[in-house]
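Everything on this sheet refers to the single structure shown next.
The values are calculated or read from the model by the stated rules, or taken from the named source; none is laboratory data. What you see is a predicted model; the values in this text were computed from it and never measured. Cβ placement follows ideal geometry from the backbone for every residue including glycine, while neighbour counts extend to all protein chains displayed.
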Amino acid sequence: MQKGKGMKFVGDSRIKQGPTVSRVPKDYSEYPGRTEAFWPNFLLKEWLVGAVFLVGFLILTLAHPSPLGGIADPTNASFIPLPDWYFLFLYELLKYKYASGDFILLGMLGLPGLAFGALLLAPFLDNGPGRRPHQRPVAVGMMLLALASVIWLTYTSAAHVDWEGRAESDKPIPPSETAVEIDTEHAGYAAYETSCLACHGAELEGTAAPTLVGIDYSAEELADIAVNGIGTMPADQFTGTDEELDQLVDFILTVNESVE
């Protein structure tokens with residue numbers, strides 16, 4: 001008799017056999033409009049499509065970066081800043097009576113929160129089995145209403161903007177105008193850093209005060225402005241010696257000569 005021949009292995013009847021877990025998604029073909037499992041089939045497709053659009057958008061931003069506008073002029077009180085085009089509808093909303101003034105919180109938080117909250121609740125308010133638009137009237141109707149509102153508010157806001165005037169005042173800065181060579185070893189740089197840098201910027205580009213690049217002043221005029229001020233610039237901004245004043249003026253003129 002061969003070893004193991006005729007031997008039988010039986011299970012212990014005292015141990016219950018657990019249910020078999022199926023790794024195959026259910027067959028939804030018998031349910032109209034639901035032909036696949038949400039996880040992982042449908043959700044994976046959504047993620048793949050979203051990833052393709054995200055990568056395409058990132059490539060577009062790298063190939064065509066957003067242009068920078070002109071330097072902000074703090075002395076121009078008539079300039080009205082505008083948000084980017086995709087926020088213009090919210091900007092226009094704040095012009096209405098019950099979304100501004102005493103109701104500003106309602107316009108900033110209440111109405112936008114109500115609108116976006118309704119869009120988030122739309123799938124739960126209209127959870128029918130069909131996927132076609134006419135089978136989802138509540139969700140489709142709310143989406144069309146939101147789309148029409150955004151388009152109308154954006155159009156209304158853009159129609160009241162003087163785009164030609166803004167294009168001239170907000171003209172991007174050419175790269176050649178921003179290529180300023182700053183010689184920190186210059187004798188007048190220390191005086192500039194002490195008396196002028198806080199208002200005129202590290203590269204003389206102008207921050208709280210106008211730019212010092214491309215100015216048309218002589219050495220004598222610059223020295224007089226540094227001591228006596230001009231326009232909104234108060235006097236006595238420079239408190240150094242006459243030798244330091246000459247070095248400061250020479251430093252500013254040297255920088256302007258490097259960009260010509």
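Here's the yes/no breakdown for (1) at pLDDT 80 or above; (2) within 24 Å of the chain's Cα centre (by Cα); (3) surrounded by 14 or more Cβ atoms within 10 Å (Cβ to Cβ); (4) in a loop (DSSP other than H, G, I, E, B):
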site: Glu168; (1), (2), (3), (4): no, yes, no, no
site: Lys171; (1), (2), (3), (4): no, yes, no, yes
site: Glu181; (1), (2), (3), (4): no, no, no, yes
site: Thr184; (1), (2), (3), (4): yes, no, no, yes
site: Tyr192; (1), (2), (3), (4): yes, no, yes, no
site: Ala198; (1), (2), (3), (4): yes, no, no, no
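Within the range 205-229, being on the phi < 0 side of the Ramachandran plot and not hydrophobic (A, V, I, L, M, F, W, C) holds for Glu205, Thr207, Pro210, Thr211, Asp216, Tyr217, Ser218, Glu220, Glu221, Asp224, Asn228.
The combined condition, being surrounded by 14 or more Cβ atoms within 10 Å (Cβ to Cβ) and either touching a residue at least 60 places away in the same chain (Cβ under 8 Å) or within 24 Å of Thr75 (Cβ to Cβ) (or both), is fulfilled by Glu203.
Based on this model, can you work out whether Gly117 counts as modelled with pLDDT under 80 and surrounded by 10 or more Cβ atoms within 10 Å (Cβ to Cβ)? Show your work before the answer.
Numbers: modelled with pLDDT under 80: no; surrounded by 10 or more Cβ atoms within 10 Å (Cβ to Cβ): yes.
It is false that Gly117 is modelled with pLDDT under 80 and surrounded by 10 or more Cβ atoms within 10 Å (Cβ to Cβ).
Hey, among Phe79, Phe116, Phe103, which residue is in a loop (DSSP other than H, G, I, E, B) and aromatic (Phe, Trp, Tyr)? If you could, list the steps in order and put the result at the bottom.
Numbers: Phe116 fails: in a loop (DSSP other than H, G, I, E, B); Phe103 fails: in a loop (DSSP other than H, G, I, E, B).
Criteria check complete, one pass: Phe79.
Residues in the range 204-260 that are among the β-branched types (Val, Ile, Thr) and over 21 Å from Glu185 (Cβ atoms): Thr207, Thr211, Ile215, Ile225, Val227, Ile230, Thr232, Thr239. Annotation: Leu82 fulfils all but one of (1) of a type outside the set (Phe, Trp, Tyr); (2) farther than 30 Å from Met233 by Cβ; (3) surrounded by 10 or more Cβ atoms within 10 Å (Cβ to Cβ); the unmet one is (2).
Among what's in the range 222-248 and is of a type in the set (Val, Ile, Thr) and under 40 Å from the mean Cα position of the chain (by Cα), pick the residue that is surrounded by the most Cβ atoms within 10 Å (Cβ to Cβ).
Within the range 222-248, the subset of a type in the set (Val, Ile, Thr) is 225, 227, 230, 232, 239, 241.
Remaining after also requiring under 40 Å from the mean Cα position of the chain (by Cα): 225, 230, 232.
Numbers: Ile225: 18, Ile230: 13, Thr232: 10.
Among residues in the range 222-248 that are of a type in the set (Val, Ile, Thr) and under 40 Å from the mean Cα position of the chain (by Cα), the one surrounded by the most Cβ atoms within 10 Å (Cβ to Cβ) is Ile225.
Of the residues examined, Tyr91 is one that is surrounded by 11 or more Cβ atoms within 10 Å (Cβ to Cβ) and either part of a helix (DSSP H, G or I) or touching a strand residue (DSSP E or B) at 6+ places or on another chain (Cβ under 7 Å) (or both).
Residues satisfying the criterion are present in the range 22-38 (criterion: assigned to a loop (DSSP other than H, G, I, E, B), under 43 Å from the mean Cα position of the chain (by Cα), among the acidic types (Asp, Glu) and modelled with pLDDT of 60 or more). Residues being of a type in the set (Ser, Thr, Tyr), under 39 Å from the mean Cα position of the chain (by Cα) and at pLDDT below 80 are represented in the range 207-221 by at least one member. Tyr217 meets the conditions (1) surrounded by 12 or more Cβ atoms within 10 Å (Cβ to Cβ); (2) assigned to a helix (DSSP H, G or I) in every case but one. The failed one is (2).
Within the range 206-236, the set of residues being within 11 Å of Val249 (Cβ to Cβ) and free of Cβ contacts under 8 Å to residues at least 24 places away in the same chain comprises Tyr217, Ser218, Glu220, Glu221, Asp224, Ile225, Val227.
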